[in-house]
1. What FRET efficiency would be calculated for the residue pair K112, L31, taking the C-beta separation as r and a Förster radius of 25 Å, to the nearest 0.05?
2. Rounded to the nearest 20 debye, what is the charge dipole size of region 3-124 about its Cα centre when +1 sits on each Lys and Arg Cβ and -1 on each Asp and Glu Cβ?
3. Take each of the peptides 3-12, 40-49, average the number of other beta-carbon atoms within 10 Å over its residues, and list them starting from the highest.
4. Starting from the coordinates of the alpha-carbon atoms of the chain, obtain the Kirkwood hydrodynamic radius over all distinct pairs and give the value in Å to one decimal.
5. My understanding is that a pair violates if its Cα-Cα distance is over 27 Å; which of K29/K105; K91/K113; K91/K112; K91/K124; K13/K115; K26/K113 do that in this structure?
6. FRET efficiency for E125 and E55, Cβ-Cβ distance as r, R0 = 22 Å, nearest 0.05?
7. Could you calculate, for region 65-126, the ratio of the Cα radius of gyration to the Kirkwood radius, expressed as Rg to Rh?
Amino acid sequence: MQKTIVIKVKNLKVAAELNDSQTADKIYKKLPIESRVNTWAEEIYFDIPIMADLEQHYAKDIVELGDLGYWPQGPAFCIFFGQTPISQPGKIRPATSVNVIGRIKGDSKVFKKIKDGEAIIVDKEN
C-alpha cells in the first residue's frame with residue numbers, strides 16, 4: 001500500500017510517496033511531525049523523533065533528485081532537490097548514507113525557496 005504524505009512549508013504544499021521500508025513505516029506512524037528547516041545547498045533536512053538504523057536495501061550514498069531520506073546521525077528527515085556541497089556532477093551525495101524512504105511527486109526544485117529556520121510540517125495526506 002502506498003503511503004502518501006504532504007510536506008508543508010509556508011505557502012508551499014508538496015505531496016510525496018513513502019516506500020515500504022521499515023524506516024518509512026516508523027515515520028508514517030509518527031505523523032504529523034513539526035520541525036524547523038536546515039538547508040545544506042540543495043538539500044533540506046530537519047530533526048524528527050524517530051530512531052532507525054541503516055537498512056540494507058534502502059541505505060544509499062548517492063540519491064536521486066526528489067528522493068526523501070532518513071539520516072540516522074540526525075536523526076533527520078532529508079529532502080534532496082539538487083547538489084549538496086559534497087556532490088559530484090550528476091551525483092547527489094548526502095553527508096553520509098541515508099535510508100531512502102520515498103520520493104517527491106512532481107518538481108522537487110520548489111524547495112529552493114525555503115530558508116533555514118522555517119517551520120515545516122510533514123503529515124498524512126487527507
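Read-outs throughout are calculated quantities, based only on the coordinates presented, and are distinct from any laboratory measurement. Everything numeric in this text was worked out from a predicted model, so none of it was measured. So basically every Cβ, Gly included, is an ideal-geometry build from the backbone, and we count neighbours across all protein chains shown.
1. 0.55
2. 420
3. Working: 3-12: 16.0, 40-49: 18.4.
The most tightly packed comes first, giving 40-49, 3-12.
4. When all Cα pairs of the chain are included, the Kirkwood radius is 14.2 Å.
5. Working: K29/K105 20 Å; K91/K113 22 Å; K91/K112 18 Å; K91/K124 30 Å; K13/K115 15 Å; K26/K113 29 Å.
The pairs that break the limit, which is 27 Å between Cα atoms, are K91/K124; K26/K113.
6. Values: r = 24 Å, r/R0 = 1.08.
Between E125 and E55 the formula returns 0.40.
7. 0.95
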